[in-house]
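Encoded as structure tokens, the structure appears first; notes follow it.
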Amino acid sequence: MSIKSDLIRFCQSLGRDPLLVQGAGGNVSWKDGEVLWVKASGTWLADAGERDIFVPVDLGALRVSLDAGDFEAIPKAIAGATLRPSIETLLHALMPHQVVVHLHVVDILAWLVRDHSEAPLPSVNGTALVPYRKPGAALAQAVADRLRERPDINCLFLQNHGLVLGGATVADVQQQLREVLLKMRGGVLQHARPKGIAPSVPEVCGHSYVVLDDADIQGLALDDSLYARLSSGWALYPDHVVFLGRKAACYDNMDELVAQARRSQPMPELVFVRGAGVYVMPAFSKAQRAQLRCYYDVLVRVPEGCRIVTLTGLEVDDLLNWDAEKYRIAMKAN
Ligand SMILES: [Zn+2]
């Protein structure tokens with residue numbers, strides 16, 4: 001078996017588990033001499049078996065730039081490649097391991113969004129925490145700093161972002177993932193669920209909102225403590241903000257939603273009406289839905305009363321005004 005075929009099977013199994021991968025999130029790479037094969041931006045790990053999701057990048061050139069401290073270096077796809085390498089390619093190049101996997105694992109995110117002065121991370125051998133930085137150059141620099149201090153590590157926890165694992169083989173990385181999950185998998189909060197059919201949004205809104213058909217996610221509008229998190233704990237990690245926007249559109253009742261629709265256009269694609277339900281417009285994509293499910297899955301793994309740390313307004317602006325992310329959203333498969 002080659003690394004590529006092992007990795008394709010691994011990507012498929014990762015991509016099937018929404019607690020490990022959401023939509024186009026997460027990326028995987030392997031190194032073959034001077035070539036870094038990395039997932040293309042906007043592609044889905046789950047599709048690894050059906051189409052080629054990897055782009056070959058000139059690793060030698062990238063290492064020269066990174067060694068010189070140039071974290072703005074643009075990874076060069078090797079001639080003939082039509083897809084754009086992942087936004088997180090530099091991170092893969094920096095890790096010295098042959099196989100590198102970066103995931104937004106729900107059980108780990110539920111730790112990485114907490115205030116660590118109150119809720120320290122469980123200790124796991126060979127790991128280090130990297131403070132939140134915008135993916136791309138800034139994150140690469142923070143990872144490089146960490147690797148210089150701790151060249152022995154094979155697992156990085158990226159605050160308000162996710163996990164990076166490096167290993168000699170795919171099996172090695174799989175084993176590490178199992179071990180980390182064993183330590184960090186948490187319980188799920190019980191919360192209010194729909195007792196009947198959610199009320200429909202009045203026609204006056206004129207936007208044909210439909211009830212999101214996921215009884216768990218409805219809890220975000222039906223459970224008071226989850227609903228409270230929508231305003232105080234929305235911008236938790238980059239993909240969430242990029243796909244679902246800077247703020248949750250929350251309404252205390254239907255009348256408020258109707259009044260807002262009369263006042264302003266366009267209306268948000270996703271709205272939360274307290275005690276009534278979670279509603280979306282038909283344009284709400286599969287990728288956005290995967291992100292909303294991830295957000296719900298993270299929130300129900302954070303104990304009630306535990307403080308959450310969100311991205312700052314500036315950090316959110318930085319993500320939303322970024323051309324690399326606009327490309328990735330434009331690639332979003334429905
Ligand atoms: Zn990421």
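The values are calculated or read from the model by the stated rules, or taken from the named source; none is laboratory data. Worth saying up front: this structure is predicted, and the values here are computed from it rather than measured. Methodologically, a virtual Cβ is constructed for each residue, glycine included, from the backbone with ideal geometry; neighbour enumeration extends over all protein chains shown.
Observations on the structure shown:
- Contact map, the stretch 149-177: residues that are in a helix (DSSP H, G or I) paired with residues that are within 15 Å of the ligand (Cβ to nearest atom), Cβ distance under 6 Å, separation 6+ or inter-chain. Pairs shown: V173/V101; V173/L165; Q176/L165.
- Selection status of A48, surrounded by fewer than 17 Cβ atoms within 10 Å (Cβ to Cβ) and among the aliphatic types (A, V, I, L, M): no
- Failed condition for L319, given (1) in contact with a Pro (Cβ under 9 Å, 6 or more places away or on another chain); (2) assigned to a helix (DSSP H, G or I); (3) more than 24 Å from L103 (Cα to Cα): (3)
- Any chance F272 is out of contact with any Pro (no Cβ under 8 Å at 6 or more places or on another chain) and within 16 Å of the ligand (Cβ to nearest atom): no
- Annotation: G206 fulfils all but one of (1) at negative phi; (2) surrounded by fewer than 21 Cβ atoms within 10 Å (Cβ to Cβ); the unmet one is (1).
- Scanning the stretch 220-242 for residues that are away from the ligand (no atom under 16 Å from the Cβ), within 19 Å of E269 (Cα to Cα) and small (G, A, S) gives A221, S231.
- The sole residue among Q98, Q159 that is assigned by TED's automatic domain parsing to the domain that holds L7, on the phi < 0 side of the Ramachandran plot and within 13 Å of the ligand (Cβ to nearest atom) is Q159.
- Scanning the stretch 119-147 for residues that are of a type in the set (V, I, T) and either away from the ligand (no atom under 15 Å from the Cβ) or part of a strand (DSSP E or B) (or both), we see that the one that is farthest from the chain's Cα centre (by Cα) is V124.
- Test: residue in the stretch 189-198 that is in a helix (DSSP H, G or I) and away from the ligand (no atom under 16 Å from the Cβ): no
- Residue tally, condition of a type in the set (D, E, K, R) and over 19 Å from N253 (Cβ atoms), over the stretch 214-228: 2
- Any hit, the stretch 103-118, residues being outside any loop (DSSP other than H, G, I, E, B), free of Cβ contacts under 8 Å to residues at least 60 places away in the same chain and under 25 Å from L59 (Cα atoms): no
- Of everything listed in (1) within 16 Å of the ligand (Cβ to nearest atom); (2) not in a helix (DSSP H, G or I), the single unmet condition for C11 is (2).
- Residue match in the stretch 34-52 (condition: within 15 Å of the chain's Cα centre (by Cα), in a loop (DSSP other than H, G, I, E, B) and among the aliphatic types (A, V, I, L, M)): no
- Residues of the stretch 119-136 that are farther than 27 Å from Y296 by Cα and without any contact (Cβ under 8 Å) to a residue 12 or more places away in the chain: N125 alone.
- Leading residue by the ranking (nearest to the chain's Cα centre (by Cα)) among those in the stretch 53-70 that are more than 16 Å from the ligand (Cβ to nearest atom) and surrounded by 20 or more Cβ atoms within 10 Å (Cβ to Cβ): F54
- Residues located in the stretch 277-305, provided they are more than 14 Å from V113 (Cβ to Cβ) and assigned to a helix (DSSP H, G or I): K286, A287, Q288, R289, A290, Q291, L292, R293
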